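Asks: I have a structure here, written as structure tokens, and I will follow up with some questions on it.
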């Protein structure tokens, strides 16, 4: 993987991480068209550029991280299910990542849900994350575990979870952004630990790719988060739903046309 490919993947990460369209599905399409060979470094890269996306959330909402202690308790409670299930079912989750059909159908099914979701939760009232109860936070965390199925989308699962607990679209999206910080940070640390623990090393060129990738992901994520909030507030989820259906269908067409698809996320 060269510098141009790294930048393209970072742009995709920045755009898709915080909108409910699944970064995994888009990584499949992009990596296949660019002919990127899936190796241990590429897998590590696609996880570690999440650090740039994490910093985008902190940069945009830094004041919220200093408003109350309850804010951190809520994130911790919502974070627990992903940790437990991630550790218990890591091998099964890794197995699903090799199944293109799972990703495609998850995109399509998730798209159908998003097209209809505004009708189900059109009376959400709470517009403040801090007003969420610990029970509500736990339920949102359980919704997040659904995104362990590749193609579901972490942001889609947590936003729907938030709306099911009475949060407005905007508040649910913001909770999803905040919950991404510990979740993605933990995934990054775990991936780095496993990589180095298994004897992996990084060359100067690879460190350069990490630096560029995270910088690009940071900038693009800043834009994507603002875009996400504006679209959700004005139009809801249906456009994202239609897009997911098209993306999933496109993957199925490529797959059954004999195109080699490799999942690197």
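The values are calculated or read from the model by the stated rules, or taken from the named source; none is laboratory data. Computed from a predicted model, the values in this text were never measured in an experiment. A quick note on method: Cβ atoms are made from the backbone with ideal geometry, for glycine too, and the neighbour counts reach across all protein chains shown.
Asks: Return yes or no: is residue 210 part of a helix (DSSP H, G or I), touching a helix residue (DSSP H, G or I) at 6+ places or on another chain (Cβ under 7 Å) and surrounded by fewer than 23 Cβ atoms within 10 Å (Cβ to Cβ)?
Replies: Judged against the criteria, residue 210 is a match.
Asks: Closer than 16 Å to residue 40 by Cβ, surrounded by 13 or more Cβ atoms within 10 Å (Cβ to Cβ) and at pLDDT 85 or above: does that describe residue 165?
Replies: So residue 165 fails the test.
Asks: If I go through the stretch 191-206 residue by residue, how many of them are assigned to a helix (DSSP H, G or I) and farther than 16 Å from residue 46 by Cβ?
Replies: Count: 5.
Asks: State whether the residues of the stretch 175-189 include one that is without any contact (Cβ under 8 Å) to a residue 24 or more places away in the chain, under 23 Å from residue 110 (Cβ atoms) and outside any loop (DSSP other than H, G, I, E, B).
Replies: no
Asks: Restricted to the stretch 70-99, and to residues that are at pLDDT below 85 and within 29 Å of residue 170 (Cβ to Cβ), which residue is surrounded by the most Cβ atoms within 10 Å (Cβ to Cβ)?
Replies: 85
Asks: Okay, moving on. Just wondering, is there one or more residues in the stretch 242-257 that are assigned to a helix (DSSP H, G or I), free of Cβ contacts under 8 Å to residues at least 60 places away in the same chain and touching a strand residue (DSSP E or B) at 6+ places or on another chain (Cβ under 7 Å)?
Replies: Within the stretch 242-257, not a single residue is assigned to a helix (DSSP H, G or I), free of Cβ contacts under 8 Å to residues at least 60 places away in the same chain and touching a strand residue (DSSP E or B) at 6+ places or on another chain (Cβ under 7 Å).
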